[in-house]
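What follows is a short report on a single structure.
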Amino acid sequence: MRGLIPTAAVATGRRPVVALRGGRPKRAAGNSWAVRQWALWSRMLSPLRPLDAPRGRATDWDASWPLAEEPVSVRRARRLVTAQLAEWAVADLSDTAELLVSELVTNALRHTRGPLRLNLRLRDSRLVCEVEDTESAGPVRNVVGPDAEGGRGTELLDLLAAAWGTERTPTGKSVWFELHGEHGSAGNAPSAD
């Protein structure tokens, strides 16, 4: 369908009209450019949940905590992760999760300004941990010497996490990692969506 020029869609609930070059107007499919743009802008303009509040209402398998912009937040994050994983009966993931969360919170405190938020989510035996902050730039991989005292955060994530990454958010970014536990060790955790 080359040659389509989308026209402005009016939020009336009807499908937008698409004009063909040199032709008559034709109805567009439900997934047209204008519909996708409207959905994108609606999501972007919706009220933002500030980082100094939990992400949402806590559930049995989701947890979220705001963290202050101070060094003691690293210790607090480690304690929160350890306690939550013990409550979820996935203590086999505790040591690795505690180390990686400590690394992410430390990096966020060093390289960003403003509040942080720690989020945990458990599905089946998959644990997803994320740290949200107000800086939009992601972590930078540095080549470090054997005597360097820091700079190995991404190497630790590569070695210990099943997967990791970063996503931009309306308030900055989220750096996340995923750990896989022993199958069935997650008690009654719901299956992945």
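Tabulated data
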read-out	value
Unmet criterion (only one of (1) part of a loop (DSSP other than H, G, I, E, B); (2) at pLDDT 80 or above; (3) open to solvent by less than 90 Å² (accessible area, probe 1.4 Å)) for Pro54	(2)
Cross-chain or 6+ apart pairs with Cβ under 9 Å, the range 75-98 first and without any contact (Cβ under 8 Å) to a residue 24 or more places away in the chain and hydrophobic (A, V, I, L, M, F, W, C), then surrounded by 14 or more Cβ atoms within 10 Å (Cβ to Cβ) and assigned to a helix (DSSP H, G or I)	Ala86/Ser94; Ala91/Thr82; Ala91/Leu85
Hits in the range 70-83 (condition: open to solvent by less than 70 Å² (accessible area, probe 1.4 Å) and in contact with a Phe, Trp or Tyr (Cβ under 9 Å, 6 or more places away or on another chain))	Ala77, Leu80
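The values are calculated or read from the model by the stated rules, or taken from the named source; none is laboratory data. A quick note: this is a predicted structure, and the numbers were derived from the prediction, not measured. When we count neighbours, we look across all protein chains shown, and the Cβ atoms used for this are built from the backbone with ideal geometry, even at glycine. Remember, those area values only see protein heavy atoms, side chains included, never the ligands or the DNA or RNA. Shrake-Rupley method; radii C 1.70, N 1.55, O 1.52, S 1.80 Å.
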